[in-house]
Amino acid sequence: MFLKALHCQNERRPPVWMMRQAGRYLPEYRELREKHSLWTLFHEPELAAEITLQPLRRYPFDASIVFSDILVIGEALGLKVHYVDGQAPHFEPLVTDVKQLYICDVEERLSYVAQTIEFLIPQLKVPLIGFAGGPFTVACYMVGGQDKAKKWLYSDPISFHVLLKTITEATISYLKMQIRAGVSAIQIFDSWAGILPQNEFRSCCTHYLKKIRDSLAEVPVILFCRGSSLFVDELVSINPTCISFDWQKPLSELRTRVPKHISVQGNLDPLILFSTKDRVKHEVTKLVKSMKGDPGFILNLGHGILPHTPLENVQAVLESARSVSSMLV
Ligand code: CP3
């Protein structure tokens, strides 16, 4: 159903999954986290596979997503990523000069992600999504923050674009490896793209996302960025299989600006899941009704599910999506 919806050919209820569905809101994840560092969880294929499966044991999600992180790509560029509890992850050293970067053997350095995927495929009943960060978002972390990235871009655009180009090349090899290992779709998280003015969005995001998209003709590609409703035409010009929208505008309204052959994903506010079960049901019903009959609609949040999200409200999303759809048929 998920793959059909990606290709705008779904005639049944909308498929449902949630960005960051494997993670801290789940008690079984937190239990594993007490025993192992985040670095270990990302690097041990059996543990990463176990965490990918955790949300699927609890909920009937229609897709799964590999448990990993967008920042592991740094390892393929000779950098170390530190995950420190209670802080944003950071690179060491920070990148201040593109000469610091060299593309190592991506497949060798990130082989543990391919192993996780190979380990998962025989155990899954739903499609597995692979992913990577958008080059601009990854660059923001590599240089030590969004402001530093923008300052570099504005003060020395030529070398900033060398940085983006290098990340793009490593990302393409990394995603091809995930596809060979068996994922059925790819999502690109360009979470920070929305902080750029339109011209810079075009040169720093659209350009490189299109390079990635065009290199991956063999699988569906979903594009996600924050502020997506501001950049609909830009995102459409990349010709992805699907665009994942955040919650600022009604999805049905955004839909009218996306050609029929491109599917749309989203777009509940993740914080809605902290309200009452009735409110959650109301919001899901409203969204599903507004997208009635759309063969290319995938129900998701507008950004990742948050820590401490009440478990019963995740259930409520799945249940109400099913019950509204059966009423609409
Ligand atoms: O279930 C899934 O979706 C798969 C796992 C996944 C993680 N990170 C695991 C993770 C995915 C898809 C990501 C993407 C990611 N990572 C993004 C893009 C999406 C987004 O939310 O904007 C970004 C910007 C990152 C970078 C990152 N990694 C941050 C900012 C943090 C710390 C704060 C946070 O959001 O969690 C991480 C650590 C991280 N990555 C955790 C998990 C489950 C936290 C784990 C923990 O503390 O136990």
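Does A132 count as under 19 Å from the mean Cα position of the chain (by Cα), under 29 Å from P55 (Cα atoms) and away from the ligand (no atom under 12 Å from the Cβ)?
In short, no.
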From the list E75, E169, E118, which one is under 23 Å from L47 (Cβ atoms) and away from the ligand (no atom under 16 Å from the Cβ)?
-> E118
Looking at (1) surrounded by 15 or more Cβ atoms within 10 Å (Cβ to Cβ); (2) more than 8 Å from the ligand (Cβ to nearest atom), which is the only condition P93 fails?
-> (1)
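Restricting segment 58-68 to residues that are within 9 Å of the ligand (Cβ to nearest atom) and part of a loop (DSSP other than H, G, I, E, B), which is nearest to T166 (Cα to Cα)?
S68
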Go through L164, L120 for me and flag whichever is more than 27 Å from G23 (Cβ to Cβ), modelled with pLDDT of 95 or more, surrounded by 16 or more Cβ atoms within 10 Å (Cβ to Cβ) and under 23 Å from the mean Cα position of the chain (by Cα).
-> L164
Counting only residues that are surrounded by 14 or more Cβ atoms within 10 Å (Cβ to Cβ) and more than 11 Å from A321 (Cα to Cα), which one in segment 282-293 is nearest to the chain's Cα centre (by Cα)?
-> M291
Within segment 5-26, residues more than 19 Å from the chain's Cα centre (by Cα) and not hydrophobic (A, V, I, L, M, F, W, C) come out as Q9, N10, E11, R12, R13
Say whether the condition of being within 10 Å of the ligand (Cβ to nearest atom), touching a Lys or Arg at 6+ places or on another chain (Cβ under 8 Å) and either modelled with pLDDT of 95 or more or charged (D, E, K, R) (or both) is met by at least one residue in segment 38-57.
-> yes
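The values are calculated or read from the model by the stated rules, or taken from the named source; none is laboratory data. Please read all numbers here as calculations on a predicted model, not as lab measurements. For neighbour counting, all protein chains shown are included, and Cβ atoms are generated from backbone atoms with ideal geometry for every residue, glycine included.
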